[in-house]
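The values are calculated or read from the model by the stated rules, or taken from the named source; none is laboratory data. Values in this document were obtained by computation on a predicted structure and should not be read as measured data. Cβ placement follows ideal geometry from the backbone for every residue including glycine, while neighbour counts extend to all protein chains displayed. Heavy atoms of the whole protein, side chains included, go into the accessibility calculation; ligands, DNA and RNA do not. Shrake-Rupley method; radii C 1.70, N 1.55, O 1.52, S 1.80 Å.
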Amino acid sequence: MKRLVGFILALALWGCGDSPSLTKPEKPQPPVGTNEAPRVVRFKLGKPGHPYPLQNGVTPATNAPTKFSSEVGDGNTSLRIKLADGEALWGFGQRFDSLNMRGRTMETWIADAWGGGNRSYICAPFFISSEGYGLFVNCSGKVKFDCGAAKSDELRIDIPEVGADVIVFKGTPREILAEYTKLVGRPQPVPDWVFEPWISRNSYLSAYEIDRVIDKMETNGLKASAVVLEAWAAGLQNFRFEEGRYPNPKEWIEKLHARGYHVVCWETPSIWTSARTYPVAKSAGWLVLNPDGSEYVTDWLENGRKIDFRKPEAREWWTKMHEALVEIGVDGFKTDGGERMPDPWFHNLHPFYYQRAALDAFATLNKTGMTFARSGTAPCAGNSTFWGGDQGCNWNDFPQVVRAGLSAALSGYPLWGHDIGGYAGTPTKNLYIRWLELGALSPIMQLHGTTPREPWYYDDETMQIAKYYFDLRWKLHDYILSAAKTAREEAIPVWRPLLYEFPDDRATWNIDDEFLLGNNLVVAPVLSEFDERKVYLPAGEWVDVWTKEHHTGPKTFAVRPKLAAIPVFARNGAEKFFTPLPDTEPVIASAGTTNERGVVPTQRIWRGQKFEKVFLRVRDGGEVTLDAPPGFEVLPSRKQRGERVAFYVMWPADRKVGTSPVTVTAASGPLALQLVKLPDWKLPVREDGYVDLGKQSEATATFDSPGVSKATLWLGSGDGMTVWLNDVQEFDKQVHRSPERDEDSVDVILKPGENTVRVKVTHGRAAIGPNGFYFRFGSGSR
C-alpha cells in the first residue's frame, strides 16, 4: 500500500513555472541568515542508502513550500513534478533518441547500446529544465524518468529504494551545469595531444602495420599525434604486449614518441581464464561471482570474467597492473566496456571505479595520462575523456552522433569524440567525408572503425579533402585547447547546444543537429545523403566561413554546400581559421559501378568477359581520348566527345595474365586506369583482386607466357607471404599485418609456355588477421 507524502522543494520560491528570464545574471549563493533563495538546495526523504560519490556536499534543507509530491511504496519512491506548457528537459547523459526528452522515457542503466534507441552507454539521473531549474537524483540504482510520456503535463521519477536524495539547482543552463559538475566532478587534466588528430582501427595488427600507416600518413601530409592499439595484448587481460607482433614495445614506443605519436592501449574490465592475471584475481577473490558462488561470465568478448571493482584491493591491483605499461611509455588507455555488472547498486558505479583505477596509475607515477571511455554515469564526469560508442556506417546512425554529443555536453561530459565514419562496416565516400568534416570540428578527432578509415582507401578527391581538414584541425589547435581548458575549469562544454548560449530563444530548444564549437563557431553538419539542409543562426552577426556572406540572426535559411564544405558560421573574427577550399572536383572521373566505399576503382579486374566497359564523367566536356597498349581494341573509337562517355575495351586473346595501363586524356587533364588479368586461382576473388584462401594456407595457379619476358609481381598479404614461381622461391616476408594491395613487389622472369605460381600465407601463433592475399603481374610501376 503506497502512501502520498509531501516532498518539500524550494522550486516555488524560485518562481519555476512562471517563465523566469534564464539569461538574467544570478547573484552568488547568499550567506547564512539572508532570505534569498539559494542556488542549490538538497532534499532528503526517508533514508536513501545508495548515493554516488560526490566531490562536494550540499546541506539538506529543513523546510520549503511543497512543489511536487512523492509516493513511497514497498522498496521504491516515486516523485511527481508538474510540467509547464512547452517545458523542455535536457541532459540525462548521452542520448541518441532526442536532445529534448519531453514526451520520452529513460532510465539510468548504462548499456551496450550499439548507437541507438532508448538505451545509452552514458546515463545520468540529472536534467536541466527550460523553466530555470535542474535536478539530480543521487541514487546509483536504476532511476526511471517519464518526461511526460504517460501524462503529458507530469514528470515522474521512479527511484528503486525507500527514500530519495534530490539536489535541485536554479539558474540558466550554464549556471546549473557549473553547479552540478562541482558535485559530480569535472574532467581531470589531460595532455594537449588529446585534442590533436588520432588514428585507430579495429584493429592494427602489429608494430609493423602501425609504422606502415604512419609512414603513409606522413607521405600524404596528414599529421596526427596519437595511435590507438586494440590488438596489442597477449590475451585479455594480461597487461603485456604480444611479443610476436610487438617484439620490443618500449623501444618502439620511444620511436613513436620521437615521431610525435602517443600510444593509447585498449582494454576491458574483464579477463580470460587463459590470462596470467586470472589465477591471481581468482585466488584473491577479485572476480565478480553469481549468488551461487560461481564466476560471473560476461556475454561479450568470449566469456570474460569480470573484475570486482567494488573491492578496494581489486582496484589497487588493477592500478598496479597498469603501472608497468605507463613506465614503458603508454600515454593513455581506451577503457572500453564497463556496462556489464550484475549488482543493481554497483552496475552504474562500475565504470567510475574501472576508469579511475587506470587513471590512478598515471597519478602514482606523477604523470598526466588519460582514459578514453565508452560508458559512464554521474561521477564519471570527473574522470577523463569519452566517446559515443558504436554506430553503424550509415546515414541513419550519423545524426545520432551529434545528438549524443550535445546531450553528453549538457550532462558534464565535455571532452568527447566519436568514430569518424562509424564503427561497424565501411562508410561510402560521401558519408566518410561528411563524418570526417564533423570529426575535425569535434572535441576529440579520431579515425576508427572495423575497416580502415584512412582516406587513401577512397580516391584522390577524398585525400585532398582529408588533407584540408587535418590541416584545419591543426589551425584550430589553440582554439580547441582553450575551450577544453575552460571546460575542465568552468564546466563550459566544448560542443555547446545553441540553447546553452541562447536559452531565452525558444527556437534553440529542440535543435539537435547543429552546435557551437567554442565561443565563436556555429557548426551545422550535413547529416544526410542530400546535401541541402536548414540552418538556424541565433541572435548576433555571423559570417559564412566559405562564402564570407554576412548574416544577422536570428534567422533560418537553407544551404547546399559542396561535398568538401561543412556549413560553419563565425563571429568575432573566427573565420580566420578557414582558408579557401581546394578545387577537389576531378577533371575526369570513372563512372559506373562503385565498390563498397562508393568509389569506382581505377584498377579493374578482368573477369573474362569480352569487353571491359570504361564509363567516364568529364567536367568540362570536349574531346576525350583513351590510350590502350598495342593489341587492345577500343570501341566505338579511341576518341569521343561529351560530358559522359563510354569506351568498350577488348583484351588481346594472346595475353593470358598481366596488368595493362590505360590512360584517358581530356583537354583539362589525364586519368590513369589499370586493367588487370589474374591467374585462375580456383578461389573466390573480390572486385579489388583480393584472393580469399578460406581455410587453406596456400594456392597454386598456372598460366601461359608467349616467350621469355620480364615482369613484376605486385603482392600483399594478411600476415606472412611466400611466393614460388616455377618452383623457385622469389619472395618471402614474415610479418603481422592486414593485407594491402601492391604493398610489396619483386622482379621475375617468365619462361615461354606454361608457368606455375604458388603462394603461401603464414600466420604466427598471434594470428588475428584475414587469410588471403593480393597478387598481380605488372610492369615496374604501380
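With a Cα cut-off of under 21 Å and a minimum spacing of 8 residues unless on different chains, the lysine pairs in segment 570-657 number 4.
Eigenvalues of the alpha-carbon gyration tensor of segment 628-680, scaled by 5 and square-rooted, set the equivalent ellipsoid semi-axes at 23, 13, 9 angstrom, largest first. In a simple Cβ point-charge model (Lys, Arg +1; Asp, Glu -1; nothing else charged), segment 608-718 has a dipole of about 160 debye relative to its Cα centre.
With charges set only on the Cβ (+1 for Lys and Arg, -1 for Asp and Glu), what does the dipole of segment 226-303 come to about its Cα centre, in debye to the nearest 20?
380 debye
Think of the chain as a dipole: +1 on every Lys or Arg Cβ, -1 on every Asp or Glu Cβ, centred on the Cα centre; then among Leu499, Met650, Thr584, Leu499 lies furthest on the positive end.
Look at the dipole of the chain built from charges on Cβ: of Ala363, His350, Ser70, the Cα furthest out on the positive end belongs to Ser70.
Amide H to amide H distances under 5 Å link Glu295 with Asn290, where only residues 5 or more positions off or on other chains count and H is placed in the peptide plane.
Reducing segment 701-737 and segment 466-519 to their Cα centroids gives an inter-centroid distance of 53 Å. The relative contact order of the chain comes to 10 percent, based on Cα pairs under 8 Å that sit 6 or more residues apart. Computed on protein heavy atoms with a 1.4 Å probe, the accessible areas place Ser225, Ser528, Ser283 in the order Ser283, Ser528, Ser225, largest first. Shape of segment 504-564 from its Cα gyration tensor (a ≥ b ≥ c, root eigenvalues): rounded if a/c is under 1.5, otherwise prolate when a/b > b/c, or oblate? Taking the square roots of the gyration eigenvalues as a ≥ b ≥ c, segment 504-564 is oblate.
As a fraction of the 1.4 Å probe accessible area of the chain, surface on carbon and sulfur atoms comes out at 50 percent. In this structure, the residue pairs whose Cα-Cα separation is over 24 Å, taken from Lys467/Lys562; Lys306/Lys695; Lys144/Lys306, are Lys306/Lys695; Lys144/Lys306. Ranking Ser140, Gly631, Val614 by Cα position along the charge dipole of the chain, where only Lys, Arg, Asp and Glu carry charges on their C-beta atoms, puts Ser140 farthest toward the positive end.
Thr593 sits with roughly 120 Å² accessible to a 1.4 Å probe, with DNA, RNA and ligands left out of the calculation. Here the chain is assigned +1 on the Cβ of each Lys and Arg and -1 on the Cβ of each Asp and Glu. Its dipole about the Cα centre then comes out at about 520 debye. Ranking Asp158, Asp744 from most to least accessible surface, computed with a 1.4 Å probe over the protein chains only, gives Asp158, Asp744.
The structure shown yields percent of Cα pairs over 46 Å apart, and of the options (i) 31; (ii) 42; (iii) 27 that calculated value carries the label (i).
Find the centroid of the Cα atoms in segment 396-426 and in segment 120-194, then give the distance between the two in whole Å. If you average the Cα positions of each part, the centres end up 20 Å apart. The string of couplings for segment 278-292 from the Karplus curve (6.51, -1.76, 1.60, θ = phi - 60°) is 4, x, 5, 5, 5, 5, 7, x, 9, 9, 6, 10, 6, x, 7 Hz, one whole number per residue in order, with x for Gly and Pro.
Can you give me the accessible area per residue for the chain, using a 1.4 Å probe, in Å²?
Working: 30250 Å² over 782 residues.
Value returned for the chain: 39 Å² of accessible area per residue.
Seen from all directions on average, segment 676-782 presents a Cα convex hull projection of 6.3 nm². Heavy-atom accessible area, probed at 1.4 angstrom with all protein chains present, ranks Asp331, Asp704, Asp654 as Asp654, Asp704, Asp331, highest first.
Computed per residue of the chain from DSSP H runs no shorter than four, each worth -39500 (n - 2.57), the mean residue ellipticity at 222 nm is -5500 deg cm²/dmol. In this structure Lys250 has an accessible area near 90 Å², from a 1.4 Å probe over the protein heavy atoms.
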